[in-house]
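The values are calculated or read from the model by the stated rules, or taken from the named source; none is laboratory data. All of these numbers come straight from a predicted model, not from anything done at the bench. With ideal geometry, Cβ positions are generated from the backbone for all residues, glycine too; neighbour counts draw on all protein chains shown.
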Amino acid sequence: MNAPEDLLRVSKIQEAIKPSDGLYHLPNHFTEVALSQNGGATLRDDSGQIVAECFPIFKNGRKGIVIRTEVTGTNLVYQVRNLFPWAEFVQIFSPAASFKSTNAEQLEVVKIIDGFMVAHPNRVSAQQTAELQRLIWGTTSVYPTDLYDQESPAATKLVAIKQDQVIGFLLGFWGIKDTKLWLESQILGVHPNYRKRGVARILKEQQRLEALEQGIEVIHWTVDPLQCPNAYLNFNSLGAVATAFDPDHYGFTNQLNLVSASRFKMTYLTSPEVLNKLNGIFGEEDPEPTYVLAPDWQVIDAEPQADLYLEVPADWSELQRTSLDEAMIVRKKTDQLFVRLIGCAEKKYVIGRIKEVAGHFFLVAKEYSKLKDKLGENLE
Ligand SMILES: CC(C)(COP(=O)(O)OP(=O)(O)OC[C@H]1O[C@@H](n2cnc3c(N)ncnc32)[C@H](O)[C@@H]1OP(=O)(O)O)[C@@H](O)C(=O)NCCC(=O)NCCS
């Protein structure tokens, strides 16, 4: 969304006070793609520079907009109100003023488990999330730490801490579009030395509980369909399902994503009853599934209603590092397969498990219409 003429004037003020070190700058793929998908918008000056981000938020049962900006003393709130006529309130959040309150040093501990704690961050732990993000993704463009302030427009602000060090973090935003309200989980990371100890699972479960408390029925996020560790976490541990597929979702690359960013859209239902039902359905194994094998990924005469076992590479990150050409072919072929198969519609499939069979890894897909009949819920 482009800024209306009146808003462009605020850029002059913004220029004067904009931090020069990019401290508050959000990653490009977020401002270019994700924010508008969540129902928000960026406001830009005439040179295309972002002067404010408008985040949809849900607070105390009301839907509104938080403008994240350093611009003050203008009629910005009035202007944004016109851009989002549905908003029940519009507020301004200043990144520069974040973590300035008297309790900014206070960690709000949520849980203590197996030698680590889950908390809502204070100033120090928020800063550590940025370091951890750089370590995991090898990128300088990280989510700014002001987003972890309790007043920020983010919906999920969680850290896992061991001996005063952040070893995991989870950040999410609200999604509001038309009548739809959801939580969009944006980024999750666990320090390489502390993986496979349940840190990510516990952070995600806490996110679900917080969403449920606020009456949110569904959490979405996107994930690379070929990353086995994420599949184990998302499908087998959490019970989330892949309900849609988007090839080349972001159009960016980094250390962990060297080829195009194809993504599954994940759906994580917050109600324990519905989640249990869904887990039960995916717990029932088809004795005669249709295998779809690498290197061709051809679906040959799938039995109607049979589960599909879709092969994925054992170590996708490693394949991208060691053989980029092969990885690109794998990406292209699996993209074609997922575009054809995945979705919430007649003759399409939803993925809800990963399985290892004789050293090969398979995503387990069930036909959507069959799933919907049993679940009685719409997964779209
Ligand atoms: C994906 C990631 C967040 C998982 O974090 P984690 O703390 O190791 O995950 P957990 O220990 O909670 O794992 C949850 C489950 O997945 C399984 N799992 C995790 N990594 C696995 C792997 N490499 N291979 C097989 N299973 C794995 C665990 O065994 C566990 O199963 P359980 O619940 O039955 O015990 C972590 O590997 C990571 O930070 N990766 C890089 C960044 C990334 O991809 N982030 C997510 C997308 S934004």
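Restricting to the stretch 314-334, give me the number of residues that are buried (at least 20 other Cβ atoms within 10 Å of the Cβ) and within 23 Å of the chain's Cα centre (by Cα).
4
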**Prompt:** Does the stretch 211-222 include one or more residues that are surrounded by fewer than 21 Cβ atoms within 10 Å (Cβ to Cβ), more than 10 Å from the ligand (Cβ to nearest atom) and part of a helix (DSSP H, G or I)?
**Reply:** yes
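Kindly evaluate Lys277 against the criterion of being more than 30 Å from Arg134 (Cβ to Cβ), out of contact with any Phe, Trp or Tyr (no Cβ under 7 Å at 6 or more places or on another chain), away from the ligand (no atom under 16 Å from the Cβ) and free of Cβ contacts under 8 Å to residues at least 24 places away in the same chain.
no
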**Request:** Return a yes/no flag: does the stretch 138-157 have any residue that is at pLDDT 95 or above, within 23 Å of Asp315 (Cβ to Cβ) and buried (at least 23 other Cβ atoms within 10 Å of the Cβ).
**Result:** no
**Message:** Would you confirm, using the coordinates I've provided, whether Gly73 is outside any strand (DSSP E or B) and modelled with pLDDT of 95 or more?
**Reply:** no
**Asked** Within the stretch 320-342, is there a residue that is touching a residue at least 12 places away in the same chain (Cβ under 8 Å) and part of a strand (DSSP E or B)?
**Response** yes
**Prompt:** Applying the selection to the stretch 232-244, what residues are surrounded by fewer than 23 Cβ atoms within 10 Å (Cβ to Cβ), of a type in the set (Gly, Ala, Ser) and within 13 Å of the ligand (Cβ to nearest atom)?
**Reply:** Ser237, Gly239
**Asked** Hey, among the residues in the stretch 175-190 that are crowded, with 18+ Cβ neighbours inside 10 Å and not aliphatic (A, V, I, L, M), which one's farthest from Thr267 (Cα to Cα)?
**Response** Gly189
**Item:** Listing of strands (runs of 3 or more DSSP E) fully contained in the stretch 116-191 that carry 3 or more residues being within 13 Å of the ligand (Cβ to nearest atom)
**Value:** 156-162, 165-177, 180-190
**Request:** Please specify each residue of the stretch 61-90 satisfying the condition of being under 23 Å from the mean Cα position of the chain (by Cα) and exposed (fewer than 13 other Cβ atoms within 10 Å of the Cβ).
**Result:** Gly61, Arg62
**Request:** Provide a single number: the residues in the stretch 192-210 that are in a loop (DSSP other than H, G, I, E, B) and basic (Lys, Arg).
**Result:** 3
**Near pairs, Cβ below 6 angstrom, 6+ apart or cross-chain, from the stretch 180-205 (closer than 19 Å to Pro153 by Cβ) to any residue that is assigned to a strand (DSSP E or B) and near the ligand (Cβ under 8 Å from one of its atoms)** = Ser185/Trp221
**Message:** Report every pair of residues separated by at least 6 positions or lying on different chains whose Cβ atoms are under 7 Å apart, first residue within the stretch 229-240 and closer than 10 Å to Arg201 by Cα, second of a type in the set (Lys, Arg).
**Reply:** Leu233/Arg201; Ser237/Arg201; Leu238/Arg201; Leu238/Lys204
**Message:** With the structure loaded, tell me whether Pro247 is loosely packed, with under 15 Cβ neighbours inside 10 Å and either under 14 Å from the mean Cα position of the chain (by Cα) or away from the ligand (no atom under 16 Å from the Cβ) (or both) or whether it fails that test.
**Reply:** no
**Complete:** Sole miss for Gln91 among (1) touching a Pro at 6+ places or on another chain (Cβ under 7 Å); (2) part of a strand (DSSP E or B) is condition (1)
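Kindly evaluate Lys277 against the criterion of being under 22 Å from His249 (Cβ atoms) and of a type outside the set (Gly, Ala, Ser).
It is false that Lys277 is under 22 Å from His249 (Cβ atoms) and of a type outside the set (Gly, Ala, Ser).
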